[in-house]
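Working notes for the structure below.
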Amino acid sequence: MTVCSCKESKQVDTTSSDTTDSIVQNDKKQQLTNIEVDETNSEECDFSNEFKDIIRLLKQDDYNIDTTLTEDTLKFQIRDRLEIVQSYEFYPKDFKFIFAKRKTRLKEMEDNWYPNFRVYEICFDNEQEAIDYESKLTEVLSSPDIFNDKNYDYLIRNHDRIIYVTCGAKIFEQYAFQYRDTIEKIIKN
């Protein structure tokens, strides 16, 4: 699985239809033919109250929070070797995200390493759609391809939204994952 943000990348055809994943065999290779992601909310996605609570918590825990807007898409992909066999793409109007970087460096490291990770909130039209995508995205995140081995992330559903936490380096995984239970408690309250 590869999760990336790519500016205006058009590898996946996205439209407002409800199609299922279709993968065909061609010359004994799996090829992506047409996996479409429904467009989510027609209005821009705003931070939920729960997400604002997560931001406040991170600030209290000595993290700088960057909420810079992006024009990049958010992609979840499964690959077979270098070929994409399944992909879901979300556009900036469908999600908000923060980049959290700790203000103090890791003392036990010789280098000046500051734990950091991203937290996304992906908006959907209704709770059932979020449930459906939670299942699809979990499948992508748990796929055993070589690209997935380098992503350290998890999903938590918040009613009609999905909160996605990811860090790009194994060394920071514990910092991102230490908030999992707390985020779940924030959502349940």
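What the table shows:
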quantity: Neighbour net charge for Leu69 - beta-carbon separation under 11 angstrom, K R +1, D E -1; calculated: -2
quantity: Violating pairs (Cα-Cα greater than 23 angstrom) within the set Lys59/Lys188; Lys52/Lys101; Lys52/Lys107; Lys75/Lys170; Lys103/Lys188; Lys59/Lys136; calculated: Lys52/Lys107; Lys103/Lys188; Lys59/Lys136
quantity: Estimated FRET transfer efficiency (Lys107, Ser135; beta-carbon r; R0 41 Å; 0.05); calculated: 0.50
quantity: In sequence order, calculated HN-Hα J values of segment 167-174 (Karplus, 6.51, -1.76, 1.60; Hz; x Gly/Pro); calculated: 10, x, 9, 4, 4, 9, 3, 4
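FYI, it's all coordinate maths here, none of it is from the lab. These numbers were taken from a predicted model, which means no experiment stands behind them. Here the Cβ is made from the backbone with ideal geometry for all residues, glycine too, and neighbour counts use every protein chain on show.
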